[in-house]
1. Of everything in region 1-46 that's polar (S, T, N, Q) and closer than 22 Å to SER96 by Cα, which residue is modelled with the lowest pLDDT?
2. Can you tell me which of ARG93, ARG107, ARG48, ARG77 is farther than 20 Å from TYR15 by Cα and within 17 Å of the chain's Cα centre (by Cα)?
3. Only one of LEU85, LEU61 is open to solvent by less than 20 Å² (accessible area, probe 1.4 Å), farther than 13 Å from GLU125 by Cβ, out of contact with any Lys or Arg (no Cβ under 8 Å at 6 or more places or on another chain) and in a helix (DSSP H, G or I); which?
4. Determine whether ALA55 is more than 24 Å from HIS161 (Cβ to Cβ) and within 19 Å of the chain's Cα centre (by Cα).
5. Assuming LEU128 fulfils every condition listed in (1) in a loop (DSSP other than H, G, I, E, B); (2) in contact (Cβ under 8 Å) with a residue 12 or more places away in the chain; (3) open to solvent by 70 Å² or more (accessible area, probe 1.4 Å) apart from one, which condition is it?
6. THR74 passes all but one of (1) modelled with pLDDT of 85 or more; (2) among the β-branched types (Val, Ile, Thr); (3) in a helix (DSSP H, G or I); which number fails?
7. Can you confirm whether region 51-71 contains a residue that is among the charged types (D, E, K, R) and without any contact (Cβ under 8 Å) to a residue 24 or more places away in the chain?
8. Can you pull out every residue in region 110-125 that is under 27 Å from PHE14 (Cβ atoms) and open to solvent by less than 20 Å² (accessible area, probe 1.4 Å)?
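The values are calculated or read from the model by the stated rules, or taken from the named source; none is laboratory data. Predicted model only: the values in this text are computed from it and were never measured. Glycine gets a Cβ as well: all are built from the backbone with ideal geometry, and neighbour counts include every protein chain shown. Note: areas computed on protein heavy atoms with side chains; ligands, DNA, RNA excluded. Shrake-Rupley method; radii C 1.70, N 1.55, O 1.52, S 1.80 Å.
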Amino acid sequence: MAEREDADLYNRVFYAWTQDQAARLRALGRDNRFDVAHVANEIEDLGRSQLNTVASHLEKLLMHLIKLAWSPATAPRAHWRQEVLEHQSEAQRTFSEAMRRNIDLDRIWRKAIQRARMALIDRGEPALPIPAKPPFELDTLLDDAFDADAAEACVRASLRHDAGSS
């Protein structure tokens with residue numbers, strides 16, 4: 001039964017499986033012929049890499065939403081919108097529930113604002129306010145029914161609110 005549970009965990013939640021297997025390998029540390037420490041670290045790194053991939057897609061998704069919401073330019077809109085949809089899809093595909101407590105959406109938001117701000121400055125765009133908090137929860141970004149237009153409107157309202165209070 002435990003073997004089936006391990007296989008199920010591997011298939012459903014790779015990140016959680018990597019963390020579990022690394023801990024189990026470390027518990028086997030008595031057999032000095034097996035390089036437990038390095039193998040456990042490598043497995044843990046696989047999970048961290050997947051977590052970083054999700055965070056990166058979320059950051060890019062938010063960055064493009066911010067640019068869509070703030071920039072008056074019309075030419076790049078189609079590209080930015082496509083990027084939003086692509087990164088939302090990839091974040092959703094690679095996310096597993098075990099990652100939730102390790103995803104710092106506030107930090108990802110701050111990085112996305114910083115990157116969008118620099119990209120907009122480089123384009124000669126109007127100054128971008130720096131909202132402290134993302135205007136939605138992680139579940140909104142990962143939802144099967146994610147609505148890019150509604151997300152853009154939400155970001156726009158947040159940016160306008162912060163621009164008005166600055």
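1. Checked region 1-46; the qualifying residue modelled with the lowest pLDDT is ASN11.
2. ARG107
3. LEU61
4. Taking the combined requirement at face value, the residue satisfies it.
5. Every condition holds for LEU128 apart from (3).
6. With (1) modelled with pLDDT of 85 or more; (2) among the β-branched types (Val, Ile, Thr); (3) in a helix (DSSP H, G or I) applied to THR74, the lone miss is (3).
7. Checked region 51-71: no residue is among the charged types (D, E, K, R) and without any contact (Cβ under 8 Å) to a residue 24 or more places away in the chain.
8. Hit for region 110-125 is ALA112, nothing else.
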